[in-house]
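S.K.: Handing you this structure, nothing more for now.
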Amino acid sequence: MKHLLIIIALLGTGIGYAQPKKEFKNGTFGVKSEGVISEGYTIVRKGRRQKENFQGTKAVFKVKWISDSSYRLTMIREDKPGEFSKTLHVDIIETREDEYTAIVVSDFGTTRVTLFRRE
């Protein structure tokens with residue numbers, strides 16, 4: 001579960017290979033890893049806050065956009081300490097109509113994930 005949560009949190013940052021649409025900076029998203037939807041995982045990003053809910057485990061992050069395709073997430077609070085990474089760096093490498101793929105670097109390692117719009 002730690003790895004999945006890290007992946008989702010990291011999807012918000014970008015490497016600079018892609019020019020994401022501004023609408024990806026805010027919204028409600030689901031997560032896919034290797035094409036498989038992570039059931040019960042929801043990310044809500046608004047302004048400088050990102051809330052994550054993974055099967056009832058919740059966390060809140062501060063969002064700092066470094067560029068249009070890269071951002072950093074810093075943990076503010078979580079329900080179950082140790083379930084989420086304290087910091088994540090997300091580099092968006094590809095965008096499509098309603099989703100983007102990113103490389104996420106966290107306390108738990110590096111992974112590739114896709115976030116898709118749920119609204």
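The values are calculated or read from the model by the stated rules, or taken from the named source; none is laboratory data. Worth saying up front: this structure is predicted, and the values here are computed from it rather than measured. Positions of Cβ are backbone-derived with ideal geometry, glycine not excepted, and every protein chain shown enters the neighbour counts.
S.K.: Out of segment 26-36, which residues are under 18 Å from GLU94 (Cβ atoms) and within 14 Å of the chain's Cα centre (by Cα)? Don't jump to the end; show me each part of the working.
M.R.: As a first pass, look at segment 26-36 and keep what is under 18 Å from GLU94 (Cβ atoms): 27, 29-36.
Within segment 26-36, GLY27, PHE29, GLY30, VAL31, LYS32, SER33 meet the criteria.
S.K.: Within segment 64-108, how many residues turn out to be touching a residue at least 12 places away in the same chain (Cβ under 8 Å), in a strand (DSSP E or B) and either within 14 Å of the chain's Cα centre (by Cα) or more than 17 Å from PHE54 (Cβ to Cβ) (or both)?
M.R.: Of segment 64-108, the ones touching a residue at least 12 places away in the same chain (Cβ under 8 Å) are 64-80, 82-95, 98-108.
Keeping just the survivors that are in a strand (DSSP E or B) gives 64-67, 70-78, 87-95, 99-106.
Filter again for either within 14 Å of the chain's Cα centre (by Cα) or more than 17 Å from PHE54 (Cβ to Cβ) (or both), leaving 64-67, 70-75, 87-95, 99-106.
Looking only at that region, the number is 27.
S.K.: Here's something else I'd like to know. Let me confirm something: among ARG96, ARG118, which residue is exposed (fewer than 15 other Cβ atoms within 10 Å of the Cβ) and touching a strand residue (DSSP E or B) at 6+ places or on another chain (Cβ under 7 Å)?
M.R.: Values: ARG96 fails: touching a strand residue (DSSP E or B) at 6+ places or on another chain (Cβ under 7 Å).
Sole residue among the options that is exposed (fewer than 15 other Cβ atoms within 10 Å of the Cβ) and touching a strand residue (DSSP E or B) at 6+ places or on another chain (Cβ under 7 Å): ARG118.
S.K.: Can you give me the number of residues within segment 2-24 that are aromatic (Phe, Trp, Tyr) and either within 14 Å of ARG112 (Cα to Cα) or at pLDDT below 70 (or both)? Walk me through how you get there before you give the answer.
M.R.: Step one: of segment 2-24, the residues aromatic (Phe, Trp, Tyr) are 17, 24.
Within this subset, residues satisfying the condition of being either within 14 Å of ARG112 (Cα to Cα) or at pLDDT below 70 (or both) are 17.
Result for segment 2-24: 1.
S.K.: Within segment 25-47, does at least one residue satisfy the condition of being charged (D, E, K, R), modelled with pLDDT of 95 or more and part of a strand (DSSP E or B)? Give the derivation first.
M.R.: Kept after step one, since they are charged (D, E, K, R), are these residues of segment 25-47: 25, 32, 34, 39, 45-46.
Filter once more, keeping what is modelled with pLDDT of 95 or more: 45-46.
In the following step, the residues that additionally are part of a strand (DSSP E or B) were identified as 45-46.
The answer is yes, given that some residue of segment 25-47 is charged (D, E, K, R), modelled with pLDDT of 95 or more and part of a strand (DSSP E or B).
S.K.: Within segment 65-73, can one find any residue that is surrounded by 13 or more Cβ atoms within 10 Å (Cβ to Cβ) and of a type in the set (Asp, Glu)? Lay out the reasoning, then the answer.
M.R.: Within segment 65-73, the first condition is being surrounded by 13 or more Cβ atoms within 10 Å (Cβ to Cβ), and the residues that meet it are 65-73.
Within this subset, residues satisfying the condition of being of a type in the set (Asp, Glu) are 68.
Yes - at least one qualifying residue is present in segment 65-73.
S.K.: For segment 38-57, what are the residues that are out of contact with any strand residue (DSSP E or B) (no Cβ under 7 Å at 6 or more places or on another chain) and surrounded by fewer than 16 Cβ atoms within 10 Å (Cβ to Cβ)?
M.R.: GLU39, LYS46, GLY47, GLN55, GLY56
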